[in-house]
1. Can you tell me which residues in the range 82-98 are under 19 Å from THR141 (Cα atoms), touching a residue at least 24 places away in the same chain (Cβ under 8 Å) and surrounded by fewer than 16 Cβ atoms within 10 Å (Cβ to Cβ)?
2. Which of the residues that make up the range 124-147 are more than 15 Å from THR73 (Cβ to Cβ) and either surrounded by 15 or more Cβ atoms within 10 Å (Cβ to Cβ) or among the polar types (S, T, N, Q) (or both)?
3. Considering only the range 57-99, state which residues are in a helix (DSSP H, G or I) and either among the β-branched types (Val, Ile, Thr) or modelled with pLDDT under 95 (or both).
4. Return the residue satisfying two criteria in turn: it lies in the range 58-72 and is of a type in the set (Asp, Glu) and buried (at least 16 other Cβ atoms within 10 Å of the Cβ), and of such residues it is farthest from THR141 (Cα to Cα).
5. When you scan the range 47-57, how many residues do you find that are among the charged types (D, E, K, R) and surrounded by 15 or more Cβ atoms within 10 Å (Cβ to Cβ)?
Amino acid sequence: MNRRDALKSALAISLGTAVSSHAAVIEQVTREQKEQPDEDRNRVVKVRETVLRYLASWNERDAKRRLDLVSQTWIDGGTYIDRVREGHDYESISALIAKAQIPFPGYRTYLVSGIENHHEYVRFSWAAGGAPDTPIYIKGTDIAMLASDFRFKSVIGFVDVAPVAGGR
């Protein structure tokens, strides 16, 4: 066997090993990808459920039902803060929602964006009003931090669109 044939043989053996290890890696990645989507789908569903419960808590006018929604949405000791409101437990968060509802009877918040989620953070936009019986249009974006059980540890609320004070 000449040197050239020896190099070809060595390369073939090396490539054969590399190809078989590459095939094993691809097989493992494929297996993990098949497992991953269920986990990802489950996470997406749980995060979406939390966001929808959050919006439902802002819509709930009955104090007991609202408190139940708040306790299902936040962890014990969870927080909410925006430019004018701050709550640090179930009762104070429920109370600040009730107070925010007073000037807007009949208004309902609804999701107006996708729900972005990475690591333990969630971002989504909501709106309320803009209909004949609720003419003032309000829109906001909230950013939340998730706990391991997919309830909120904290929410920071931002109002993106609101009426100008004094009707201007």
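The values are calculated or read from the model by the stated rules, or taken from the named source; none is laboratory data. Only a predicted model underlies this, so the values are computations on that prediction, with no experimental measurement involved. Positions of Cβ are backbone-derived with ideal geometry, glycine not excepted, and every protein chain shown enters the neighbour counts.
1. Residues satisfying the conditions are ARG83, ARG85.
2. Within the range 124-147, SER125, ALA127, ALA128, GLY129, THR134, ILE138, LYS139, GLY140, THR141 qualify.
3. VAL70, THR73, ILE93, ILE97
4. Once the filter is applied, the top-ranked residue is ASP68.
5. Looking only at that region, the number is 2.
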